[in-house]
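Below is one structure, written out as structure tokens; comments come after it.
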Amino acid sequence: MLAGSVSHNRLNGMFCTSKEIATPKGVIVVRGPIPPEELATLTMNEGLTAFRPPQRQHQALIEIASMEKGQIFAAIHEQEIVGYCTFHPPDKFERWGQADIPELIELGGIEVSPEWRGCKLASAILEVAFANGRFSRNIVIATEYCWHWDLKGTGLPVFKYRQLMENLLRTVGMFPLGTDDPEICSHPANMLAVRVGSKVSSEAFIAFEALRYQNKTMF
């Protein structure tokens with residue numbers, strides 16, 4: 001398997017990044033952010049079922065890409081999405097969306113179709129997403145919940161899968177941090193991973209730290 005270099009260009013005023021990967025199953029193009037109009041012309045691989053059925057998830061990707069701060073990065077084979085990751089502001093009903101921190105953005109999900117696993121697509125998607133300092137002014141979080149993981153398909157125990165996810169996120173500078181958020185704390189394998197960009201202000205960082213721990217009795 002040969003991995004090409006990352007390239008950059010502007011499309012419709014948007015700074016886009018792409019990378020070609022030669023796999024035994026064919027050439028994959030990893031690129032993004034992909035505008036909603038282009039996403040609508042692509043199909044969704046039937047194996048992408050981690051969050052919802054493929055057709056519904058396809059629509060969700062289009063909706064995220066249409067958001068002001070939403071971004072989609074995808075691995076594409078012959079006009080079919082075989083893997084993707086999403087970025088968007090945290091949902092308002094979650095703790096992370098309840099504070100006014102414009103710099104805060106969530107890596108909402110990353111998924112690769114089972115038939116394309118083993119081609120290092122997840123790491124390639126993240127590499128493209130974080131290329132060229134794209135999120136240097138952001139605090140990027142990932143809330144990893146074990147009930148979204150494909151434990152059955154991979155055959156991995158839950159903590160082995162958590163280690164896999166931790167290692168993957170570390171490749172782009174995201175590291176686990178503690179929190180008293182009830183959703184994260186509801187299972188010991190769940191994880192909050194965080195990357196603080198090099199250009200994030202101290203004010204934004206302090207505000208984020210206040211979000212991580214809200215139960216003062218834990219200090």
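Where a number appears in this text, it was derived from the coordinates with a stated rule and is not lab data. This structure is a prediction, so every number in the text was calculated from the model and none was measured.
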- So what is the calculated 222 nm ellipticity per residue for the chain, using -39500 (n - 2.57) for each DSSP H run with n of 4 or more, over all residues, to the nearest 500 deg cm²/dmol? -7000 deg cm²/dmol
- According to the square roots a ≥ b ≥ c of the eigenvalues of the Cα gyration tensor, what is the shape class of segment 133-172, taking rounded for a/c under 1.5, prolate for a/b larger than b/c otherwise, and oblate for the remainder? prolate
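Just check segment 68-219 against the gyration tensor rule for me: Cα atoms, a ≥ b ≥ c as the square roots of the eigenvalues, rounded for a/c under 1.5, and otherwise prolate or oblate depending on whether a/b exceeds b/c.
Since a/c reaches 1.5 but b/c is at least a/b, the shape of segment 68-219 is classed as oblate.
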- Query: Among all lysine pairs in the chain that are eight or more places apart or on different chains, how many have alpha carbons less than 19 angstrom apart?
  - Reply: 6
- Can you give the relative contact order of the chain as a percent, counting alpha carbon pairs under 8 Å and 6+ residues apart? 16
